[in-house]
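The values are calculated or read from the model by the stated rules, or taken from the named source; none is laboratory data. From a predicted model like this one, the values you see are computed outputs, not experimental measurements. Cβ sites come from the backbone with ideal geometry, for glycine too, and all protein chains shown count toward neighbours. Accessible surface areas use protein heavy atoms only, side chains included; no ligands, DNA or RNA. Shrake-Rupley method; radii C 1.70, N 1.55, O 1.52, S 1.80 Å.
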Amino acid sequence: MSGVVYDIAVIGGGIVGLATANALLAAQPGLRIILLEAEDRFAAHQTGHNSGVIHSGLYYKPGSLKARYCVEGREAMYRFCEQHDIAHERCGKIVVATDTSEFPRLEELYRRGEANGLQGIQWLNAEQIREFEPHAFGLRGLHVPETGIVDYKQVASVLARLAQDKGCTMKISNRVVGFRSIGGEIVLGTIAGDVRCRALVNCGGLQSDRVARLCGVDPGVRIVPFRGEYYELLPSRQFL
């Protein structure tokens, strides 16, 4: 067992774990933190396999925490990408109604967007939709200019570097397989050896419920991962 006792161990090297390590070190510089990632690279799961969208905050109930944090997080992400030269684009998106029965839902989205402080939302007719996106079809649409895209693997890579620069110890291929408490300290068993710490933050993503149970905590829920579907938009492909 290593003689080093870390102040905090963060389990999970996705964007949440990496951002958490940075936030802890920003709040209290000099903390001795170790980040443990099960895979042989960061952003190996959800972070590296999502759609890459920077969401605008269009969908969430006005006044909810989701609405507030989505809007604040969107602008924080844009600032972070600009500060660290991460490729991104505030490209906007179009939400379309392909049938008149969908008009009320589109109007509700417009209302929510306005209430959540989104700027520049614009109504489009069928012809205007095609002008914005020739591959799209709809009877009516909403153009939402504040939506963007980014490669979150690049974001994670920058977060990992920043955390390391602040003194965080980063360990990949260190899956946590055991937990015990000894004299006020936590001993995490990993496939690469034991890690001692005084506090633990679980950022295990889809495995976070299993990590919690491993550590003797019943989260009261079970996460059931499932594979989603996506379409690759090719120049010759039309979606109606």
Would a scan of segment 12-20 turn up a residue that is surrounded by fewer than 22 Cβ atoms within 10 Å (Cβ to Cβ), in contact with a strand residue (DSSP E or B) (Cβ under 9 Å, 6 or more places away or on another chain), part of a loop (DSSP other than H, G, I, E, B) and at pLDDT 95 or above? no
All but one of (1) surrounded by fewer than 17 Cβ atoms within 10 Å (Cβ to Cβ); (2) of a type outside the set (Phe, Trp, Tyr); (3) in contact (Cβ under 8 Å) with a residue 60 or more places away in the chain hold for LEU58, so report the exception by its number. (1)
From the list LEU31, LEU65, pick out the single residue that is aliphatic (A, V, I, L, M) and under 30 Å from TYR6 (Cβ atoms). LEU31
Can you tell me how many residues within segment 153-169 are in contact (Cβ under 8 Å) with a residue 40 or more places away in the chain, open to solvent by 30 Å² or more (accessible area, probe 1.4 Å) and not in a loop (DSSP other than H, G, I, E, B)? 5
What are the residues in segment 180-211 that are within 22 Å of ALA19 (Cβ to Cβ), of a type in the set (A, V, I, L, M, F, W, C) and surrounded by fewer than 17 Cβ atoms within 10 Å (Cβ to Cβ), if any? ALA199, LEU206
Hey, ALA38 of a type outside the set (S, T, N, Q), open to solvent by less than 40 Å² (accessible area, probe 1.4 Å), within 30 Å of GLY167 (Cα to Cα) and outside any helix (DSSP H, G or I) or not: yes
Can you tell me which residue is nearest to the chain's Cα centre (by Cα) among those in segment 111-152 that are open to solvent by less than 80 Å² (accessible area, probe 1.4 Å) and charged (D, E, K, R)? ASP151
Please verify whether segment 58-68 includes one or more residues that are of a type in the set (S, T, N, Q), part of a loop (DSSP other than H, G, I, E, B) and either under 15 Å from the mean Cα position of the chain (by Cα) or at pLDDT below 95 (or both). no
